[in-house]
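Trainee: Here it is, the structure, as structure tokens.
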Amino acid sequence: MESAVLKKAIQDANEAGILMVSSAGNGDITGVEYPAAYEEVIAVGAVDTLAEKTEESAVGEEVELVAPGEQILSDSMLGLETVVSGTSMAAPHVTAVAAVLWQ
């Protein structure tokens, strides 16, 4: 959902030269969710090991980049290892590469 407060924060961050990356959203939707829907934010979709869109990844022209987002080993809130999927797992891959390139 779009928010005036979030939009202002995104604009301020962009004006400060901060690169912003966000997951595009899940649920096999067309278009992306906020904050990825803002033009200043890189919208990231998820692909599987065959580089094909995952079942749950958002799609559409607004999705700017894709990254691995299926069966990703992560830590749970309790600090245990778990395997998860979704665009929220793909966005950190893009963020890491962007950080290295931007330095």
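The values are calculated or read from the model by the stated rules, or taken from the named source; none is laboratory data. These numbers were taken from a predicted model, which means no experiment stands behind them. Here Cβ is always computed from backbone atoms with ideal geometry, including for glycine, and neighbour counts include all displayed protein chains. When the accessible area is computed, the model is the full protein with side chains, heavy atoms only, and any ligands, DNA or RNA have been set aside. Shrake-Rupley method; radii C 1.70, N 1.55, O 1.52, S 1.80 Å.
Trainee: Can you give me the % of accessible surface on the chain that is carbon or sulfur? Probe 1.4 Å, all protein chains present, nothing else counted. Could the numbers behind the result be given before it?
Mentor: Details: 3740 of 6670 Å².
About 56 percent, which is the carbon plus sulfur part of the accessible surface.
Trainee: With every protein chain in place, what's the accessible area of T95 (1.4 Å probe, Å², nearest 10)?
Mentor: For T95, the solvent-accessible surface is approximately 60 Å².
Trainee: Please give the contour-minus-distance gain from S3 to T82: 0.36 nm per residue of separation, less the Cα-Cα distance, rounded to one decimal in nm. Intermediate results must be reported in sequence, preceding the final value.
Mentor: On the way: separation 79, 0.36 × 79 = 28.44 nm, distance 3.23 nm.
Taking 0.36 nm per residue and subtracting the Cα distance, the gain is 25.2 nm.
Trainee: Treating only the Cβ of Lys, Arg, Asp and Glu as charged (+1, +1, -1, -1), what charge dipole size does the chain show about its Cα centre? Round to the nearest 20 debye. Write out the running numbers ahead of the final one.
Mentor: Numbers: 3 positive and 17 negative charges, 56 e Å.
My answer is approximately 260 debye.
Trainee: Just to confirm the number: angle between the C-alpha axis of helix 4-15 and the first principal axis of the chain, 0 to 90 degrees, nearest 10?
Mentor: Once rounded, one gets 80 degrees.
Trainee: In square angstrom, what is the accessible area per residue of the chain with a 1.4 angstrom probe? Mind dumping the intermediate values first?
Mentor: Values: 6670 Å² over 103 residues.
For the chain, the per-residue accessible area is 65 Å².
Trainee: Probe 1.4 Å, all protein chains in place: accessible area of S22 in Å², nearest 10?
Mentor: About 20 Å², ignoring ligands and nucleic acids.
Trainee: Using amide H atoms built 1.01 Å from N in the peptide plane, name the residues 5+ places from T54, or on other chains, whose amide H lies under 5 Å from its own.
Mentor: For T54, the qualifying residues are A46, V47, D48.
Trainee: Let me ask another. Quick one: accessible surface of T30, probe radius 1.4 Å, all protein chains present, in square angstrom to the nearest 10.
Mentor: 120
Trainee: Report, to the nearest 10°, how far helix 87-102 tilts away from the longest principal axis of the Cα atoms in the chain, using its own Cα long axis and a range of 0 to 90°.
Mentor: 60
Trainee: Contour minus end-to-end for N14 and A99, with contour as 0.36 nm per residue of separation and end-to-end as the Cα-Cα distance?
Mentor: Numbers: separation 85, 0.36 × 85 = 30.60 nm, distance 1.52 nm.
Once the chain is fully extended between N14 and A99, it gains 29.1 nm.
Trainee: Then there's this: In a shell of Cβ-Cβ distance under 10 Å around D28, excluding D28 itself, what net charge do Lys and Arg (+1) and Asp and Glu (-1) give?
Mentor: Working: positive: K53; negative: E55, E56.
It works out to a net charge of -1.
Trainee: Let me ask something additional. Among (i) 59, 24, 23; (ii) 34, 30, 22; (iii) 36, 30, 28, which one is Cα extents along the principal axes in Å computed from these coordinates?
Mentor: (iii)
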